[in-house]
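Novice: After the structure tokens below, expect a handful of questions from me.
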Amino acid sequence: MLFGNYSRTIHVPMAEELYSQNLLIVDDEPRILHSIRRELGCERYHILSAHDGPSALQQIRDHDVGVILSDISMPGMDGISLLDTVRQEKPDVARLVLTGYGTFEHAERAINQAQVMGFLTKPWSAERLRETIRNAFEYHKTERLQGIIRDHHTHLVRSNQDLQESIREQSTRSEVIFRESIRTLARMIELHESLGEKRVDGIHSLTLRFCLKAGLEYAEADGIALSTTVRDIGNLLIPDEILNKNHRTAREKKIIEGHTILGHRILAADPVFLMARTIALGHHECWNGSGYPFGRSGDEIPLAARIAAVVDTHNHLEQNMRLRPQDIVKCMKEMSSKKLDPELLNAFITVKANSADNLSLHL
Ligand SMILES: [Fe+2]
């Protein structure tokens, strides 16, 4: 599926999802747990408690905890190891140490290993306890918000990468479809008009060099060059007896002129032919407004159509009129600012003068 992977869902949290009001207290002494519960009774926290490290970890895993306050000295898993595990599993849980020791060694280990954000030393004052817990919940809110922002940023980066990949795939696919379709249509024209084999390749190569000389980027130049090979596709719908006639009536000339509109209609079936149908419609418009089908002039004529007009004129003089190269150039110069865009014509003549370059540019 072309655009199947880039539309990742981004979860936008509700305000109540942003942070937790759950406080987990861990101490192996029940009276400590009871004391803290009592002193925080007027605060709007939901208080959980555990008497050792393993049961505290279970609480962390079962509940959305915002702050954990743990004693350091406990049987089995000590408080710092517990808080270090919490840091690894739930990094946005604010970690506090409750200790009766308060030594430098404990503080250093708690900061370096468990990256705790604060200490509460036994005995504590009720005011100090409430302030420490409040600060811890603020810290938790900030951490969680930053985590959400980081997640969203990661989602956006991945979505952008998926989108870029899809665009590349789509672009490559369109390029292949366009190129194969143009080649098929050009071959049909070759057969219908009994053109020499590989004539279309020659038109493509010449137009490509011409476009590059005129200053176009390669991708656009190649698109115009390919599209120019099918500029006369409307002729497929012109009766052969009119198409192959040497001397046509005024009505027959009008029918022939209609190959521009017929070509535009044929190529209107697929968006990949946008350039080709622009050229099919406009390659007989003239710089001075004397062309057909609409009599547009100057820059009103799309650049691609003006380029194709130069190539088409050269092709007509060379293949149909059988003029010598020097006579072709002379004849085309006389069309400057009349039939042909003068600046483009100069670029084209330069390309023809340097045709000995013999660049290997083919379909
Ligand atoms: Fe034509």
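Every number in this text was worked out from the coordinates using simple rules, so none of it is lab data. Worth saying up front: this structure is predicted, and the values here are computed from it rather than measured. Reconstructed Cβ throughout: ideal geometry from the backbone, glycine too, with neighbour counts over all protein chains shown.
Novice: Can you pull the Rg over Rh of the stretch 32-71, Cα-only, Kirkwood?
Specialist: Ratio of gyration radius to Kirkwood radius: 0.95.
Novice: A further question follows. Which GluC sites (Glu not before Pro) does the stretch 240-347 hold that lie in a coil by DSSP with at most 15 other beta carbons within 10 Å? Spell out each step's value before the answer.
Specialist: Numbers: sites: 241, 252, 257, 285, 300, 318, 334, 343; in loops: 285, 334.
Counting only loop positions with at most 15 other Cβ atoms within 10 Å, the GluC sites (Glu not before Pro) in the stretch 240-347 are 334.
Novice: Need the C-alpha centroid separation for the stretch 203-253 versus the stretch 47-90, integer Å.
Specialist: Comparing the Cα centres of the stretch 203-253 and the stretch 47-90, I get a distance of 78 Å.
Novice: Rounded, prolate or oblate: which one fits the stretch 162-261, using the alpha carbon gyration tensor with axes a ≥ b ≥ c (rounded when a/c is under 1.5, else prolate when a/b beats b/c, else oblate)?
Specialist: Judged from the Cα gyration tensor, the stretch 162-261 comes out prolate (a/c at least 1.5, a/b above b/c).
Novice: Then there is this: At most 10 other Cβ atoms within 10 Å plus a DSSP loop assignment makes a site exposed; report the longest stretch of the chain without any exposed trypsin sites (Lys or Arg not before Pro).
Specialist: In the chain, the maximal stretch lacking such sites is 45-321.
Novice: For the stretch 270-328, what does the alpha-carbon gyration tensor say about shape, rounded, prolate or oblate, given a ≥ b ≥ c as the root eigenvalues, a/c under 1.5 as rounded, and a/b over b/c as prolate?
Specialist: Numbers: a/c = 2.64, a/b = 1.55, b/c = 1.70.
It is oblate, given that a/c is not under 1.5 and a/b is not larger than b/c.
Novice: For the stretch 193-357, what is the charge dipole size about the Cα centre, in debye to the nearest 20, if Lys and Arg each add +1 at the Cβ and Asp and Glu each add -1 at the Cβ? Write down the numbers at each step before the final one.
Specialist: Values: 21 positive and 22 negative charges, 108 e Å.
With only Lys, Arg, Asp and Glu charged at Cβ, the dipole is about 520 debye.
Novice: What do you get for the angle between helix 303-315 and the principal long axis of the chain? Use alpha-carbon atoms, 0 to 90 degrees, nearest ten.
Specialist: Taking Cα atoms only, the helix is inclined about 30 degrees.
Novice: For the stretch 193-357, what is the per residue volume of the convex hull drawn over the alpha-carbon atoms, in cubic angstrom? Could the numbers behind the result be given before it?
Specialist: Details: hull volume 19.9 nm³, N = 165.
Here the figure is 121 Å³ per residue.
Novice: Then there is this: Specify whether the C-alpha gyration tensor of the stretch 65-186 places it in the rounded, prolate or oblate class, a ≥ b ≥ c being the square roots of the eigenvalues: rounded for a/c under 1.5, otherwise prolate if a/b is larger than b/c and oblate if not.
Specialist: prolate
Novice: If you place +1 on the Cβ of every Lys and Arg, -1 on the Cβ of every Asp and Glu, and leave all else neutral, what size is the dipole of the stretch 15-157 about its Cα centre, to the nearest 20 Debye?
Specialist: Here the stretch 15-157 has a charge dipole of around 240 debye.
Novice: Which lysines, if any, have their Cα less than 29 Å from the Cα of residue 90, not counting same-chain residues under 8 positions apart?
Specialist: 122, 141
Novice: Would you work out which of 119, 42, 172 lies farthest towards the positive end of the dipole of the chain? Charges go on Cβ: Lys and Arg +1, Asp and Glu -1.
Specialist: Toward the positive end, the furthest listed residue is 172.
Novice: Follow-up. Summing +1 for each Lys or Arg and -1 for each Asp or Glu, what net charge is found among the other residues whose Cβ lies under 14 Å from the Cβ of residue 324?
Specialist: +1
Novice: How much length is gained on full extension from residue 21 to residue 42, taking 0.36 nm per residue of separation minus their Cα-Cα distance? Each step should come with its number before you reach the end.
Specialist: On the way: separation 21, 0.36 × 21 = 7.56 nm, distance 1.37 nm.
Contour length minus the Cα-Cα distance gives 6.2 nm.
Novice: GNM, the chain, Cα, under 10 Å: largest mean-square fluctuation among 113, 170, 161?
Specialist: 113
Novice: Kindly provide the helix-only [θ] at 222 nm of the chain, computed as the sum of -39,500 (n - 2.57) over DSSP H runs of four or more divided by all residues, to the nearest 500 deg cm²/dmol?
Specialist: -17500 deg cm²/dmol
Novice: Sequence gap of 8 or more, or different chains, plus Cα separation below 24 Å: how many lysine pairs satisfy both in the stretch 193-357?
Specialist: Qualifying lysine pairs in the stretch 193-357: 20.
Novice: Among residues other than residue 289 whose Cβ falls under 14 Å from its Cβ, what is the net charge (Lys/Arg +1, Asp/Glu -1)?
Specialist: That sum, taken over residues with Cβ under 14 Å, equals 0.
Novice: Now, a different point. Give me the mean projected area, in nm² to one decimal, of the convex hull enclosing the Cα positions of the chain.
Specialist: Reported value for the Cα convex hull: 29.8 nm².
Novice: Using the Cα centre as the reference, give the magnitude of the dipole from point charges on the C-beta atoms of the chain (Lys, Arg: +1; Asp, Glu: -1; all else neutral), rounded to the nearest 20 debye.
Specialist: Value, rounded to 20: 1580 debye.
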